[in-house]
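Have a look at the structure below before the remarks.
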Amino acid sequence: MLGDEGVAGVHLAFYSERWIDGRPERFCNLGAWCVLPQYRFHGLRLVKALLSQEGYHFTDLSPSGNVVPLNTRLGFSFLDTATALVPNTPWPSWPGRPLITDDPARIEATLGPSDLAIYHDHRDTPARHLLLVQGGEHCYVVFRKDRRKGLPVFASILYVSDRQLFRRLARPLGRHLLLRHGALATLAELRVVGERPPGSVMLAAPRRKMFRSAGLDADHIDYLYSELTCVSW
């Protein structure tokens, strides 16, 4: 948005095309929204311009408090963000323990075409990538280091390719996140990881996330290709 002296407002957005149920779907993820104070009255034009784009599904995965009621009026719905907090502890390792690695060569050699495309698209973002291997099974995990109350000691799980294996390896994964990444606790949304991890407690007030779509439901929405993977917090 232009003002008398140049740019007066911007609204960041992340665009992606995803294959869902065998067809391509276009997404617009709403990011940061900034308008100079004297132009705040016109700020809504930026949002309406984004939402007027035809053929897109819209997500807002980190709406601030005053944006939530605005999104609601604009037709957004809430995602179920019930979140478990899992303390990461230095559980002892044992012979034959599962492999947990961030080695790019091992990840690329193991992932199938769909997950490999996700890895290639996100490997240069602030998101972090792990491969969990046990026997002939593997689970690809995307997470981010997160801040709560100003403390950068949390690991937020953004994507899990195999929920059953993720649950079975929750304790060795927590040990890895603690010792290798300095994460004292893991934040795991149940819609991402499936069942509540063992030894966890549920957050009383998880962060809100919203979406607006004419053809998709909440089960089709994930956190890839968004500010959650592409922006450091």
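Return yes when S62 is of a type in the set (G, A, S), closer than 18 Å to T229 by Cα, part of a loop (DSSP other than H, G, I, E, B) and in contact with a helix residue (DSSP H, G or I) (Cβ under 8 Å, 6 or more places away or on another chain) and no when it is not.
Against the criterion (of a type in the set (G, A, S), closer than 18 Å to T229 by Cα, part of a loop (DSSP other than H, G, I, E, B) and in contact with a helix residue (DSSP H, G or I) (Cβ under 8 Å, 6 or more places away or on another chain)), S62 qualifies.
Pick from segment 204-221 the residues that are crowded, with 16+ Cβ neighbours inside 10 Å and over 14 Å from the mean Cα position of the chain (by Cα): which of them is nearest to N71 (Cα to Cα)?
So, considering only residues that are crowded, with 16+ Cβ neighbours inside 10 Å and over 14 Å from the mean Cα position of the chain (by Cα), the one nearest to N71 (Cα to Cα) is R212.
If I filter segment 222-229 for residues that are over 12 Å from the mean Cα position of the chain (by Cα), in a helix (DSSP H, G or I) and not hydroxyl-bearing (S, T, Y), do I get at least one hit?
no
Just the residues that are surrounded by 12 or more Cβ atoms within 10 Å (Cβ to Cβ), assigned to a helix (DSSP H, G or I) and of a type in the set (K, R), please, taken from segment 23-59.
R45
Give the residue, chosen from H176, H181, that is farther than 22 Å from G112 by Cβ and buried (at least 19 other Cβ atoms within 10 Å of the Cβ).
Criteria check complete, one pass: H176.
I'd like to verify a number: residues in segment 176-233 that are closer than 16 Å to V141 by Cβ and of a type in the set (K, R), how many?
Selection size over segment 176-233: 2.
Taking segment 36-84, which residues are closer than 30 Å to S200 by Cβ and among the acidic types (D, E)?
Hits for segment 36-84 are D60, D80.
Suppose we keep only residues that are modelled with pLDDT under 95 and either hydrophobic (A, V, I, L, M, F, W, C) or not assigned by TED's automatic domain parsing to the domain that holds R167 (or both) within segment 75-98. Which one would you say is farthest from R208 (Cα to Cα)?
W94
For segment 153-203, enumerate the residues that are of a type in the set (G, A, S) and closer than 13 Å to N88 by Cβ.
Passing the criteria: A155, S156, A170, G174, G182, A183, A185, A188, G199, S200.
Can you find a residue in segment 185-193 that is within 20 Å of P104 (Cα to Cα), outside the structural domain of N66 (by TED's automatic domain parsing), of a type outside the set (K, R) and not in a loop (DSSP other than H, G, I, E, B)?
no
Show me the strands (runs of 3 or more DSSP E) entirely contained within segment 110-166 in which 1 or more residues are surrounded by fewer than 16 Cβ atoms within 10 Å (Cβ to Cβ) and out of contact with any helix residue (DSSP H, G or I) (no Cβ under 9 Å at 6 or more places or on another chain).
137-148, 151-160
The values are calculated or read from the model by the stated rules, or taken from the named source; none is laboratory data. Here the structure is a predicted model, which means the values were calculated and not measured. Every residue, glycine as well, gets a Cβ built from its backbone with ideal geometry; the counts of neighbours run over all protein chains shown.
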